[in-house]
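Notes to accompany the following structure.
The values are calculated or read from the model by the stated rules, or taken from the named source; none is laboratory data. Keep in mind that what you see is a predicted model, and the values were worked out from it rather than measured. Cβ coordinates were reconstructed from backbone atoms using ideal geometry, including for glycine residues, and neighbour counts include every protein chain displayed. Just so you know, the surface numbers come from the protein's heavy atoms only, side chains and all, with ligands and any DNA or RNA stripped out. Shrake-Rupley method; radii C 1.70, N 1.55, O 1.52, S 1.80 Å.
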Amino acid sequence: MIPKIHPTFKLNGHSLDYEGVMIVAYSYIKEGEEWEKQIGDFLLSWLDNFDVVTVRTSGSTGVPKEYKLNKQHMINSAVMTGQYFDIGAEKEVLCCLPLSYIAGKMMMVRAMTLGWHLDLVQPSTTPLRKADKRYDFTAMSPLQVAKSLDDIHKVRKVIIGGGAVSQGLIEKLKGKHTKAFHTYGMTETSSHIAVRELYPIYEENYSVLEGVQIEKDKENRLVIHAPKIATSTLVTNDVVELVNDKQFNVLGRVDDVINTGSVKVHPTQIEQKLSHHISESFFISGKADEELGQKVILIIEGKERDVQQAFQKLGKFEIPKEIYFVEKFALTHTGKMDKRVILEKLFSDHR
């Protein structure tokens, strides 16, 4: 299917129909920077004659992989978002997320579907710094919000996704004249399926969007039924508490993926890289952090020593922010390191 473009849609101040969007897409691909090429690639795939769009998952439940999303589901999601937040045609909206992942793609889909006036800026931690207008709506990561507190008033409504939002950040949003919401969703559902308000009203629990049904499985993982935006029932990796049939609270994850600054890193992959340089027993874990949501930490068995050289092959977000040395690791009955016990003792000792 070739999705329709709303007649009031504007991109960076220019009214664009199908042909106009295609011209912009080719221009981005041919002459744009990397972030603009991603926009061009997505626009071409969105306006082709196929019913699906191929996207990359962010890696919440394992190694990032490709996934095919139905265009009609993405359109349905866009309509649901517009209705929930009352953001209709001709609203001024900012997209400051990369279109390499679903969050940025959906901002573009919403704009073309709902007729928004969308401004695109290069993704950064301070996307509002140069903004010269007040936007009706935008979507940001927790790190972007944390770095943009002096400029957040330039947006009337902001949805925050892609990671945990600390209580410290919620406190800092008070008095900023911006309505802030925390969203819950994943690639497979095209975007968020539930929302909780952070400010000016604080809600601890998420409320699902219209047409979404939820339940728990035997492992207390959230199960999502959303036929308008997903092809099948989805079993998530999040352990939840159901408040009622429309609200839930996330208690934690069943996996150990670390979400740092909205970038998901995998402990096993980091450990593999470090194993070439660290001979002692060690492991990677995540620790709550006010700014990043979580930070990567390294725990090593043995005496304290300098291990900075071991980090040379690590990516920016893989480098441990803190290093701890433990004299002797606790072991399970099968002889494996007992990470839960090690961490509990470690941080009780550091209080």
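Quick notes
- Of residues in region 240-257 being surrounded by 15 or more Cβ atoms within 10 Å (Cβ to Cβ) and more than 18 Å from the chain's Cα centre (by Cα), the one modelled with the lowest pLDDT: 240
- Test for residue 136: is it more than 21 Å from the chain's Cα centre (by Cα) and either open to solvent by 40 Å² or more (accessible area, probe 1.4 Å) or within 29 Å of residue 290 (Cβ to Cβ) (or both): no
- Residue count for region 294-313, restricted to those that are touching a helix residue (DSSP H, G or I) at 6+ places or on another chain (Cβ under 6 Å) and open to solvent by 20 Å² or more (accessible area, probe 1.4 Å): 1
- For region 258-281, residues that are at negative phi, within 18 Å of the chain's Cα centre (by Cα) and part of a loop (DSSP other than H, G, I, E, B) total 1.
- Qualifying residue in region 102-115 (condition: surrounded by fewer than 18 Cβ atoms within 10 Å (Cβ to Cβ), in contact with a Ser or Thr (Cβ under 7 Å, 6 or more places away or on another chain) and at pLDDT below 95): no
- Evaluation of residue 287 against the conditions (1) within 30 Å of residue 193 (Cα to Cα); (2) in contact with a Pro (Cβ under 7 Å, 6 or more places away or on another chain) shows that the sole unmet condition is (2).
- Of 204, 197, all but one fail to be closer than 29 Å to residue 124 by Cα, open to solvent by 70 Å² or more (accessible area, probe 1.4 Å) and either out of contact with any helix residue (DSSP H, G or I) (no Cβ under 6 Å at 6 or more places or on another chain) or part of a strand (DSSP E or B) (or both); the exception is 204.
- Residue selected from region 36-74 under the condition of a type in the set (Val, Ile, Thr) and open to solvent by 30 Å² or more (accessible area, probe 1.4 Å), by the criterion modelled with the highest pLDDT: 52
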